[in-house]
Amino acid sequence: MALFSVGDAATHRIGDPQCSTCSDEYPEPCRCGGLMHATATGEEDPDGNLVLVTRCDGCGRSEDDLDQV
Ligand SMILES: [Zn+2]
Ligand SMILES: [Zn+2]
């Protein structure tokens, strides 16, 4: 299965809904029909939530990109 990188992790598996590299509760379905993968950065935002880097294996956008539509 093909791999792609999200943040520091280069072992996300394209099209795998059980991607074991992803953070908890990812991958999520993207509106393009692909899967949104997420890698934890090891940092926290001011509210104490883990900061994630997200990227879709279909369209290559992040969740932040999609929010701006
Ligand atoms: Zn993944
Ligand atoms: Zn997408």
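Tabulated data for the structure shown
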item: Residue order for Ser62, Ser20, Ser5 - accessible surface, 1.4 angstrom probe, largest first; result: Ser20, Ser5, Ser62
item: Surface/4 of the Cα convex hull for the chain, nm²; result: 4.7 nm²
item: Within a Gaussian network of the chain (alpha carbon springs, distance under 10 Å), most fluctuating of Gly58, Gly48, Gly33; result: Gly48
item: Among Asp57, Asp47, Asp16, residue whose mean-square fluctuation peaks in a GNM of the chain (springs only between Cα atoms under 10 Å); result: Asp47
item: Computed [θ] at 222 nm, helices only, for the chain once each DSSP H run of length n ≥ 4 contributes -39500 (n - 2.57); result: -1500 deg cm²/dmol
item: Neighbour cut-off at most 12 other Cβ (10 Å), DSSP loop, trypsin sites (Lys or Arg not before Pro), the chain; result: Arg31
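The values are calculated or read from the model by the stated rules, or taken from the named source; none is laboratory data. Since the model is a prediction, treat every value here as computed from it, not as a measurement. Neighbour counts are summed over all protein chains in view; Cβ atoms, including those assigned to glycine, are modelled from backbone coordinates with ideal geometry. All accessible areas refer to the heavy atoms of the entire protein, side chains included, with ligands and DNA or RNA removed. Shrake-Rupley method; radii C 1.70, N 1.55, O 1.52, S 1.80 Å.
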